[in-house]
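The values are calculated or read from the model by the stated rules, or taken from the named source; none is laboratory data. Please read these numbers as outputs of a predicted model, since none were measured by experiment. Note: ideal-geometry Cβ built from the backbone for every residue, glycine included; neighbour counts use all protein chains shown.
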Amino acid sequence: MKQNKFIVTVISIVLGLIVGGLALLIAGFNPIEAYGIMFRGVFSNPKYISWTIIRSTPLILTGISVAFAFKTGLFNIGAEGQFIIGSLVATLVGYFFHLPPIIHPIVAILAGALAAAIWGGIAGLLKSKFGINEVITTIMLNWTALYFSNFVVFWEPFKRLNRDASERILDSASTQILGQWKTSEAGRAFLNNNSFLKDLLNPPVNFGFIIAIFIAILVWYILKNTTLGYQLRAVGYNRDAAEYGGININRNVIVSMMIAGAISGIAGATQVLGVSKETAVLATMEGYGFDGIAVALIASNNPIACIPAALLFGGLKYGGSKLQPTIGAPIEVINITIGVIVMFIAMPKLIQMFTSMKERKRGVKVEDSK
């Protein structure tokens, strides 16, 4: 079964690249040249590899968030809003709290995770108590999170002067690797003599990727080897059977959405503390949560598989950004490629759904004939 899923995923990626190549060909560009530029745009320089990992890190976490909810029978469209809340609260803690360097980022990440868990828990509560579909509530909570974040950013003690952004976090809250050392005289002198390390560390390399790997392993372990994970998966597989077995459905729905929200909140927190160091006013969604849905689908809702899926996604996005300035090819072709990959991955499930529907109809006809 797992081997079949892997084969389907590989075939879907190849078909997606073929369709993307056809789109480039129709637009008048050489697809081989374009994919060569994308490949070199990711692997030809240590700096590009670092940026690919940085771009992929939040997608790993939002992908795990969506995958976790899927595993428990819920559709978490709200990863985007939970990401926003996590980044906002982490920025607030990173700026207003004065804590020692190692403790400060830990407190900020935990605060962002807790806030996003509460945000996700709202959808879980409405689902469990009133039967309101989580798709509707999470979509609405996404927009609520965006406007709430903008409102807080414009709070006078928090807004930076002459900028549509918050104050920057304190250095003690940063999760960047060797951040202060890189800007010191000794650090600059050392890096100037080591071009490889200079290119590798020039982007805002941070501990977010390590945190994402740890979260992936932790979530996988919880789902596979704990009582909580068993209960959550049982609710996802068959809610009626789980309830018959004595599992509290309503409690598990709330817990599931809270855990999914916390993971997305960690994505937002690590992005702020390690990369942007501020929360900007948002005119629209940034897309991290929605891209996480695609990552979860490519990974077949496996938390560990979200790591390579997000790296693929991040690599296509970052490498694809080199097409426009190099040969003038539209970056939209990358979105076409990713969309086709997701479509082909989802197609076996669609075929399986139609097959099961036909079998049910046959069963009804046999019963009627009797």
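Yes or no: residue 345 modelled with pLDDT of 70 or more, of a type in the set (Val, Ile, Thr) and surrounded by 14 or more Cβ atoms within 10 Å (Cβ to Cβ)?
So residue 345 fits the description; yes.
Quick one: count up the residues across region 201-229 that are part of a helix (DSSP H, G or I), touching a residue at least 12 places away in the same chain (Cβ under 8 Å), under 15 Å from residue 270 (Cα atoms) and not small (Gly, Ala, Ser).
4
If residue 22 passes every condition in (1) touching a residue at least 40 places away in the same chain (Cβ under 8 Å); (2) more than 19 Å from the chain's Cα centre (by Cα) but one, which one does it miss?
(1)
Would you mind stating whether residue 236 is without any contact (Cβ under 8 Å) to a residue 24 or more places away in the chain and closer than 18 Å to residue 258 by Cβ?
Judged against the criteria, residue 236 is not a match.
Before we move on, is residue 165 over 18 Å from residue 263 (Cα atoms) and in contact (Cβ under 8 Å) with a residue 40 or more places away in the chain?
It is true that residue 165 is over 18 Å from residue 263 (Cα atoms) and in contact (Cβ under 8 Å) with a residue 40 or more places away in the chain.
Report, ordered by the first and then the second residue, all pairs with beta carbons closer than 6 Å, sequence separation of six or more or different chains, a first member in region 36-58 that is over 19 Å from residue 289 (Cβ atoms), and a second member that is outside any helix (DSSP H, G or I) and charged (D, E, K, R).
Correct list of pairs: 37/322; 41/322.
Could we say that residue 315 is more than 27 Å from residue 140 (Cα to Cα) and within 16 Å of the chain's Cα centre (by Cα) here?
yes
Would it be correct to say that residue 70 is part of a helix (DSSP H, G or I) and under 21 Å from residue 113 (Cβ atoms)?
Taking the combined requirement at face value, the residue satisfies it.
Can you pull out every residue in region 318-333 that is touching a residue at least 24 places away in the same chain (Cβ under 8 Å) and within 17 Å of residue 286 (Cα to Cα)?
318, 321
Residues to consider are 72, 9, 62; find the one that is among the polar types (S, T, N, Q) and either touching a His at 6+ places or on another chain (Cβ under 6 Å) or within 30 Å of residue 202 (Cβ to Cβ) (or both).
62
Can you tell me which of 144, 62 is modelled with pLDDT of 95 or more and either surrounded by fewer than 24 Cβ atoms within 10 Å (Cβ to Cβ) or of a type in the set (D, E, K, R) (or both)?
144
For region 318-330, enumerate the residues that are in a loop (DSSP other than H, G, I, E, B), surrounded by 20 or more Cβ atoms within 10 Å (Cβ to Cβ) and modelled with pLDDT under 85.
329
Select, from 272, 281, the only residue that is of a type outside the set (S, T, N, Q), modelled with pLDDT of 85 or more, touching an Asp or Glu at 6+ places or on another chain (Cβ under 8 Å) and buried (at least 21 other Cβ atoms within 10 Å of the Cβ).
272
I'm checking my understanding of the structure. Among residues of region 132-157 that are in contact with a Leu (Cβ under 7 Å, 6 or more places away or on another chain) and of a type in the set (A, V, I, L, M, F, W, C), which one is farthest from residue 73 (Cα to Cα)?
Among residues in region 132-157 that are in contact with a Leu (Cβ under 7 Å, 6 or more places away or on another chain) and of a type in the set (A, V, I, L, M, F, W, C), the one farthest from residue 73 (Cα to Cα) is 152.
How many of the residues in region 285-317 are without any contact (Cβ under 8 Å) to a residue 12 or more places away in the chain and either in a loop (DSSP other than H, G, I, E, B) or small (Gly, Ala, Ser) (or both)?
Count: 1.
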